[in-house]
Amino acid sequence: MSVSTAAVDPSLCAPLPVLGADVTVPLVTGGEVTYAALDYAASAPALRRVWDDVAAYAPYYGSVHRGAGYLSQLSTDLFESSRAAVAEFLGCREGDQVVFTRSTTDSLNLLAAVLPADCRVFVFETEHHASLLPWGDSRVTCLDAPRTPAQAVATLERALADREPYGPALVCVTGASNVTGELWPVRELAAAAHAHGARIVLDAAQLAPHHPVDIAELDVDWVAFSGHKLYAPFGSGVLAGRSDWLLEAEPYLAGGGASRSVTRRADGGVDVQWHTTAARHEAGSPNVIGVYAIASACRALTEAGFPALVARERALVDRVRAGLAEVPEVRVLSLFGDDAPRVGVISFVVDGWNSSHFAAALSAEYGIGVRDGLFCAHPLVRTLLGGEPREPGECGAPEAGPGEKSLNAIRVSFGAGTPDEHIDRFLGAVRELVGDGARWTYRTEDGRCVPDRGAAQV
Ligand SMILES: Cc1ncc(COP(=O)(O)O)c(C=O)c1O
């Protein structure tokens, strides 16, 4: 997957306006600072454009697919035109369905619920738990973490060719890792899957906010993503792709909206005719605001242009990686190596520091929001850290002494709304914390590292 950015000068690309850019937060050392949201991989701030679109629509909000009134009809049109906008954003093929869900997790659980009974599922151990867990232990084959994209393809080919019995199979793969930000060879994996009679679903939770996703061009069977990572944090997600397994299966949820006709039989039972469109899996009152917000974000990103967004983000990624490389105590986690193309998601550990302590100090002393932990990708992070599972230590104590292995990592992530100043502040803070230490003391509370406000500070 690559985007041509040759014609773009990243220094001329401005961040897209997002909500929260002016929000100030208190520092434990005194004073306030604007919040540096560097946890986009968890949830990205709402695009200003998305918020404005939602606010403009909100007075016209009405029930979808059920009312005769003007606002119901308007809302139904808006809901269905949002489906068309998402299909266009994803480059859907004729006959593909766009099902609105709550999130990527929900989308993949929905797909798991419609798999043919004897379908085997192949996933790499490197997946986010949302891609690793929905399938059920008995049908999953979990593949070793590859160390190159080519090894990923070869590992998958071998596993698919060796499967016994040779029946239906699904491969679930991430487009961009939520730990390393590295891009996966999706097109090649899709070709391998299809060559072995398998299908493939792309977990685009971390890819879609940073990179164009074209379902036809990648030749994947399904794509899943979440609104809240795509600058549209209103509780909706998407599963898009081939209709057959979706429309042959029982509805994911049974209820109104999924059913076309329901009749009571003479023997006391109930006969149901389910819809044969995406509505089959959208029972219950839909989240029209969430769906409209996703469509608005799709339009906003398309209009801003992925070449410009990708060029600017690459420049930020290069700056962060170069800045971290200047601090010898920092080790950046990577599966595919330094040259691998990646999005704005970078995880690292700091020698002699407990990651929770480091993240707490970035927040309390610099107003920077990052994440620490295993990022819902426990097998991958443990593989990258090379550590066995054990209980983390107290936050004041270094988690990894010289020669020891870290238990947790720190993740910095950014995207279309990130100003240069957040990156500069982050790199300056890493240098200061590593060089001079924290200026405050911290303690563990409910498993988290927090500033000790009662302690006298030196
Ligand atoms: C790669 C990846 N897949 C799936 C998910 C799950 O997304 P959600 O929590 O929105 O369901 C995440 C969330 O962090 C993710 O990073």
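A few points about this structure:
- Test: residue in segment 148-161 that is open to solvent by less than 10 Å² (accessible area, probe 1.4 Å), under 29 Å from Glu94 (Cα atoms) and either within 13 Å of the ligand (Cβ to nearest atom) or not aromatic (Phe, Trp, Tyr) (or both): yes
- Criterion violated by Asp53 - all others in (1) surrounded by 16 or more Cβ atoms within 10 Å (Cβ to Cβ); (2) in a loop (DSSP other than H, G, I, E, B); (3) away from the ligand (no atom under 16 Å from the Cβ) satisfied: (2)
- Any hit, segment 28-37, residues being β-branched (Val, Ile, Thr), farther than 30 Å from Ala359 by Cβ and either touching a helix residue (DSSP H, G or I) at 6+ places or on another chain (Cβ under 7 Å) or open to solvent by less than 40 Å² (accessible area, probe 1.4 Å) (or both): no
- Complete set of residues in segment 121-138 that are in a helix (DSSP H, G or I), within 22 Å of the chain's Cα centre (by Cα) and of a type outside the set (Ser, Thr, Tyr): His129, Ala130, Leu132
- Where Ala216 falls short, out of the listed (1) out of contact with any Lys or Arg (no Cβ under 7 Å at 6 or more places or on another chain); (2) open to solvent by 10 Å² or more (accessible area, probe 1.4 Å): (1)
- Residue within segment 74-93 that is of a type outside the set (Gly, Ala, Ser), touching a residue at least 40 places away in the same chain (Cβ under 8 Å), closer than 27 Å to Ala145 by Cα and in the same structural domain as Phe234 (by TED's automatic domain parsing) present: no
- Residue match in segment 61-84 (condition: farther than 20 Å from Val291 by Cα and within 16 Å of the ligand (Cβ to nearest atom)): no
- Matching residues in segment 81-120 - criterion: being open to solvent by 50 Å² or more (accessible area, probe 1.4 Å), of a type in the set (Asp, Glu) and outside any helix (DSSP H, G or I): Glu94, Asp118
- Counting only strands (runs of 3 or more DSSP E) wholly contained in segment 248-347, no element carries 2 or more residues that are open to solvent by less than 30 Å² (accessible area, probe 1.4 Å).
- Options Ala224, Ala195, Ala232; residue that is open to solvent by 10 Å² or more (accessible area, probe 1.4 Å) and of a type in the set (A, V, I, L, M): Ala195
- Any chance Val123 is within 16 Å of the ligand (Cβ to nearest atom), open to solvent by less than 10 Å² (accessible area, probe 1.4 Å), touching a His at 6+ places or on another chain (Cβ under 6 Å) and not aromatic (Phe, Trp, Tyr): no
The values are calculated or read from the model by the stated rules, or taken from the named source; none is laboratory data. This is a predicted model, so every value here is computed, not measured. Reconstructed Cβ throughout: ideal geometry from the backbone, glycine too, with neighbour counts over all protein chains shown. The area values use the complete protein model at the heavy-atom level, side chains included, leaving out ligands, DNA and RNA. Shrake-Rupley method; radii C 1.70, N 1.55, O 1.52, S 1.80 Å.
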